[in-house]
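Everything on this sheet refers to the single structure shown next.
The values are calculated or read from the model by the stated rules, or taken from the named source; none is laboratory data. Just so it is clear, the structure is predicted and the values come from calculations on it, not from any experiment. Here the Cβ positions follow ideal geometry from the backbone for every residue, glycine too, while neighbour counts run over all protein chains shown. Just so you know, the surface numbers come from the protein's heavy atoms only, side chains and all, with ligands and any DNA or RNA stripped out. Shrake-Rupley method; radii C 1.70, N 1.55, O 1.52, S 1.80 Å.
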Amino acid sequence: MVFKHWPLVRDVRFTLKSRRYLRGAHKRRPDLNWDEFRRIARHFKRDDMGSLAERGYLFQLASDLPADASVVEIGSWMGASTCFIAGGLKGASPKIQAVDNFAGQSTCGEDAAWYQRHFQALGEGSTLGFFKSNMAALGFAARAEPVIADSLAAARQLAARRGAVDFIFIDGDHSYQACCADIEAWAPFVKRGGVMAFHDFGSRAHGVSQAIFEATKAGRFAEIVGVAGTIIAFRM
Ligand SMILES: C[S@@+](CC[C@H](N)C(=O)[O-])C[C@H]1O[C@@H](n2cnc3c(N)ncnc32)[C@H](O)[C@@H]1O
């Protein structure tokens with residue numbers, strides 16, 4: 001095992017990293033509940049799907065939504081991003097619809113092989129069990145409903161929610177074609193003034209960046225809300 005993956009080393013690294021991140025986060029946004037963020041981050045300290053800065057930004061975007069917000073996530077994997085969003089939501093009954101085929105698929109170039117290895121190492125045929133147990137462990141099961149479907153099938157299934165969603169986070173299939181199709185299918189779901197965010201903008205998943213550039217040029221987004229790591233968020 002690589003030195004940095006030894007449990008004690010990993011824990012110390014996590015503690016130092018999260019302390020450093022949280023010092024800055026508290027300064028930037030003293031109004032947010034960073035204790036809740038820390039609780040979620042500790043649960044996912046072995047997760048490697050996003051940096052603390054990216055997780056913190058998702059938490060911030062969710063915290064800035066109105067109470068009882070309606071959220072859709074495309075690509076939930078084991079639910080880490082879902083939990084960071086859920087932790088920021090306010091009100092008695094906010095809802096996240098977490099769309100994923102839960103089959104650990106990626107059709108994006110070199111990422112496909114990485115996924116396949118990661119997925120096989122789990123020793124399960126689906127990530128749904130991990131998703132559910134993470135929601136239960138953090139108390140988010142009532143807020144986050146898994147939608148077990150391919151992205152475009154889910155968009156057809158949830159058609160009644162068009163124009164009614166406050167926030168959509170897209171982190172599913174990272175190929176150019178799929179990202180274009182996700183923008184096309186899901187942009188109409190976001191309320192005017194709502195937010196659409198993407199993971200992996202500017203990453204090695206070049207198709208994601210290309211699809212976002214083209215959508216920006218075509219005037220699909222009203223303005224940029226912000227960028228953190230490879231997350232970019234737009235107001236619709
Ligand atoms: C990068 S992972 C998501 C990571 C997660 N958002 C996080 O940050 O913890 C991508 C996920 O998208 C899902 N996925 C890929 N293509 C999809 C598609 N066409 N429809 C639905 N889900 C898809 C995969 O099963 C995988 O779980």
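Please list, in order along segment 203-217, the HN-Hα scalar couplings obtained from phi with the Karplus expression 6.51 cos²θ - 1.76 cosθ + 1.60 (θ = phi - 60°), rounded to whole Hz, x for Gly and Pro.
8, 6, 7, 4, x, 5, 4, 4, 5, 6, 4, 5, 5, 5, 4
According to the square roots a ≥ b ≥ c of the eigenvalues of the Cα gyration tensor, what is the shape class of the chain, taking rounded for a/c under 1.5, prolate for a/b larger than b/c otherwise, and oblate for the remainder? Intermediate values should be presented prior to the final figure.
Working: a/c = 1.39, a/b = 1.17, b/c = 1.18.
Since a/c stays below 1.5, the shape of the chain is classed as rounded.
Assuming 0.36 nm per residue, please report the length gained on full extension of the stretch residue 10 to residue 191 beyond their Cα-Cα distance. Write down the numbers at each step before the final one.
Details: separation 181, 0.36 × 181 = 65.16 nm, distance 4.11 nm.
Stretched out fully, the residue 10 to residue 191 stretch lengthens by 61.0 nm.
Just need the relative contact order of the chain here, percent rounded to a whole number, with Cα pairs under 8 Å and 6+ apart.
Working: 385 pairs, mean separation 40.6, N = 236.
Result for the chain is 17 percent.
Given labels modelled 7 Å from the Cα in the Cβ direction, how far is it in nm from residue 48 to residue 203?
Roughly 1.3 nm, to one decimal.
Strictly over 26 Å apart at the Cα level, which of 17/95; 45/132; 27/95; 90/217; 45/191 would you flag in this model?
Details: 17/95 30 Å; 45/132 18 Å; 27/95 29 Å; 90/217 34 Å; 45/191 33 Å.
Exceeds cut-off: 17/95; 27/95; 90/217; 45/191.
Can you list residues from other chains, or at least 5 along the same chain, whose modelled amide H is less than 5 Å from the amide H of residue 225?
The answer is 233, 234, 235.
Per-residue counts of other Cβ atoms within 10 Å, averaged by peptide: what ranking do you get for 139-149, 165-175, 211-221, highest first? Let's see the in-between values first.
Working: 139-149: 17.1, 165-175: 24.8, 211-221: 14.9.
Going by the mean number of other Cβ atoms within 10 Å, highest first, we get 165-175, 139-149, 211-221.
Ignoring ligands, DNA and RNA, what percent of the accessible area of segment 47-235 is carbon or sulfur (1.4 Å)? Don't skip to the end; give the middle numbers.
Numbers: 4150 of 7850 Å².
Its accessible area is 53 percent carbon and sulfur atoms.
Taking the Cα centre as origin and putting +1 on Lys and Arg beta-carbons and -1 on Asp and Glu beta-carbons, what dipole magnitude results for segment 47-235, to the nearest 20 debye? Walk me through the numbers before you get to the answer.
Numbers: 15 positive and 20 negative charges, 117 e Å.
That gives a dipole near 560 debye.
Work out the FRET efficiency for residue 67 and residue 39 from their Cβ-Cβ distance, taking R0 = 30 Å, and round it to the nearest 0.05.
Values: r = 21 Å, r/R0 = 0.69.
The computed FRET efficiency comes out at 0.90.
Rounded, prolate or oblate for segment 104-165? Axes are the square roots of the Cα gyration tensor eigenvalues, ordered a ≥ b ≥ c, and the cut-off for rounded is a/c under 1.5.
Working: a/c = 2.82, a/b = 1.27, b/c = 2.23.
It comes out oblate by the Cα gyration axes.
Output the Kirkwood hydrodynamic radius of segment 2-41, Cα pairs only, in Å rounded to one decimal. Intermediate values should be presented prior to the final figure.
Numbers: mean 1/r = 0.0901 Å⁻¹.
This gives a value of 11.1 Å.
Per residue, how large is the accessible surface of the chain? Use a 1.4 angstrom probe and give square angstrom.
Numbers: 11480 Å² over 236 residues.
With all protein chains present, the chain gives 49 Å² per residue.
Using the Karplus curve 6.51 cos²θ - 1.76 cosθ + 1.60 with θ = phi - 60°, what ³J(HN,Hα) values do you get for each residue of segment 31-46, in whole Hz, with x for Gly and Pro?
7, 8, 7, 6, 5, 5, 4, 5, 4, 5, 4, 5, 4, 9, 5, 8
Run the numbers for residue 93 and residue 121: contour at 0.36 nm per residue of separation, minus the present Cα-Cα distance, in nm. Don't skip to the answer; put the middle values down first.
Numbers: separation 28, 0.36 × 28 = 10.08 nm, distance 3.57 nm.
Extra length available between residue 93 and residue 121 comes to 6.5 nm.
Once the dipole of the chain is set up with Lys and Arg at +1 and Asp and Glu at -1 on Cβ about the Cα centre, which of 218, 202, 83 lies farthest towards its positive end?
Positive-most Cα among the choices belongs to 83.
Using modelled amide H (1.01 Å from N, peptide plane; none on Pro or chain starts), what sits under 5 Å from the amide H of residue 90, excluding residues fewer than 5 places away?
68, 69
Report, in deg cm²/dmol and to the nearest 500, the calculated mean residue ellipticity at 222 nm for the chain, where each DSSP H run with n ≥ 4 adds -39500 (n - 2.57) and the sum is divided by the residue count. Please list the in-between numbers first.
Values: 9 runs with 108 residues, N = 236.
Theoretical 222 nm ellipticity from helices: -14000 deg cm²/dmol.
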